[in-house]
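Here's the structure we're looking at; comments come further down.
The values are calculated or read from the model by the stated rules, or taken from the named source; none is laboratory data. Treat the numbers as computed from the prediction; the structure is a model and nothing was measured. When we count neighbours, we look across all protein chains shown, and the Cβ atoms used for this are built from the backbone with ideal geometry, even at glycine. Calculation scope for accessible area: heavy atoms of the full protein, side chains included, ligands and nucleic acids excluded. Shrake-Rupley method; radii C 1.70, N 1.55, O 1.52, S 1.80 Å.
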Amino acid sequence: MDFSEEQLKRYSRHIILPEVGGKGQKKISEAKVLMVGAGGLGCPVGYYLAAAGVGTIAIVDNDEVELSNLQRQIAHSVKTLGVNKAESAKQTFESLNPDVNVVTIKERLNSKNVKDLFKDYDIIVDGTDNFPTRYLINDACVMLKKPLVSGAILRFEGQVTTILPHEGHCYRCLFEEPPPPGLVPSCQEAGVLGVLPGVIGALQATEVLKLILGKGKPLSGYLLIYDALGVNFRKVKVPKNKDCAVCGDNPTITELTDLPEEYCSI
Amino acid sequence: MEDIKIDKNLDIRGEVCPYTLVKSKLGIEMIEVGQVIEIILDYPEAADSVPKAMENYGHKVLKIEKINAKEWILQVRKEVED
Ligand SMILES: [Zn+2]
């Protein structure tokens with residue numbers, strides 16, 4: 001464990017934690033995490049992972065920063081309006097912590113590129129909040145046996161879950177198919193309190209760090225639901241479904257396919 | 001008096017809190033359970049806080065002794081894995 005004097009200072013509050021220590025901090029610095037989306041959730045997740053010293057953070061995003069994003073997407077700024085979101089977040093994260101290597105992937109995730117993009121990473125973070133991509137990420141993680149930390153937000157409510165393929169549930173154990181597009185609010189209706197992704201993203205980042213450290217109990221087999229208005233956290237048990245189409249005993253989904261993009265992403 | 005075998009020496013004179021603890025924690029991670037680290041320090045608050053923290057981590061403080069006007073010797077036996 002050779003930390004520079006600067007690193008000793010930067011990570012001192014981690015190193016003195018018995019659950020982290022120098023050995024844990026070393027694991028964090030060697031970890032490779034891929035985040036899908038540098039939006040409402042991806043910004044706080046990446047921000048905290050960068051602060052924690054995660055060695056490699058890859059960001060998949062092909063959108064550009066818009067003024068309407070800045071109400072909640074805290075890694076971007078008026079200086080990066082029009083800039084690719086992965087690129088904008090990279091500038092923010094690297095100025096927070098130059099130890100971190102931020103890899104930008106300015107592509108839209110699809111059934112062709114997803115496995116190739118995920119294969120070199122230890123943990124995947126879903127911050128997309130659109131159903132076709134959510135299912136694609138879920139299926140790819142199950143097939144590649146990659147831990148997935150998933151978050152979702154809408155209005156005043158958010159959800160977090162950790163998927164450890166074949167150990168606990170997956171997204172399809174919960175809902176076999178994405179809901180039909182008509183049931184999901186359209187973009188004009190999909191409001192969200194700007195701070196909500198901060199709460200959910202911080203919970204996702206916590207799950208990622210616990211997985212890296214191998215400490216505590218991951219949120220596998222549970223869905224954590226946060227209701228901001230009622231100030232209520234509910235931890236709902238989600239059983240693994242042995243008949244699940246992708247992670248069950250006899251999976252029917254063995255290849256990835258693309259679903260139509262008719263949904264709104266926050 | 002029985003002589004204690006020291007497996008690792010650590011000099012953290014000149015360090016202040018929280019780096020006294022940071023360096024002590026890293027030092028103890030470098031020895032095995034059952035081994036003893038001897039730390040020399042000169043930050044007065046650390047003479048109190050570092051031994052307490054070591055006990056909280058589950059290790060055994062064998063000795064904390066003021067050896068001159070400004071310096072302390074702390075001996076800790078590692079009791080639990082990191
Ligand atoms: Zn499943």
(message) If I filter the stretch A:1-16 down to residues being facing chain B (nearest Cβ under 9 Å) and in a loop (DSSP other than H, G, I, E, B), which single residue comes out as surrounded by the fewest Cβ atoms within 10 Å (Cβ to Cβ)?
(response) A:Met1
(message) Quick check on this structure: which one of A:Val33, A:Val54 is touching an Asp or Glu at 6+ places or on another chain (Cβ under 8 Å), modelled with pLDDT of 95 or more, not in a helix (DSSP H, G or I) and not small (Gly, Ala, Ser)?
(response) A:Val33
(message) Being touching a helix residue (DSSP H, G or I) at 6+ places or on another chain (Cβ under 8 Å), crowded, with 19+ Cβ neighbours inside 10 Å and modelled with pLDDT of 95 or more is true for just one of A:Ile105, A:Ile123. Which residue is that?
(response) A:Ile123
(message) Quick check on my filter: what residues within the stretch A:233-253 are near the ligand (Cβ under 6 Å from one of its atoms) and open to solvent by 40 Å² or more (accessible area, probe 1.4 Å)?
(response) A:Asn241
(request) Starting from residues that are surrounded by 15 or more Cβ atoms within 10 Å (Cβ to Cβ) and modelled with pLDDT of 95 or more, keep the ones in the stretch B:9-18 and report whichever is farthest from A:Glu5 (Cα to Cα). (result) B:Leu10
(request) Look at A:Gly39 and say whether it is in a loop (DSSP other than H, G, I, E, B), under 19 Å from A:Ile137 (Cα atoms), small (Gly, Ala, Ser) and away from every other protein chain (no Cβ under 14 Å). (result) yes
(message) Which numbered condition in (1) within 14 Å of chain A (Cβ to nearest Cβ); (2) small (Gly, Ala, Ser); (3) under 22 Å from A:Lys9 (Cα atoms) is the only one that B:Ala47 fails?
(response) (1)
(message) Taking the criterion of being of a type outside the set (Lys, Arg), open to solvent by 10 Å² or more (accessible area, probe 1.4 Å) and free of Cβ contacts under 8 Å to residues at least 24 places away in the same chain, would at least one residue in the stretch A:154-161 satisfy it?
(response) no
(request) Determine which single condition B:Asp3 fails, assuming it passes every other condition in (1) open to solvent by 60 Å² or more (accessible area, probe 1.4 Å); (2) in a strand (DSSP E or B). (result) (2)
(message) Which residue is most open to solvent (accessible area, probe 1.4 Å), if the candidates are limited to the stretch B:24-36 and must be touching a strand residue (DSSP E or B) at 6+ places or on another chain (Cβ under 7 Å) and within 14 Å of chain A (Cβ to nearest Cβ)?
(response) B:Met30
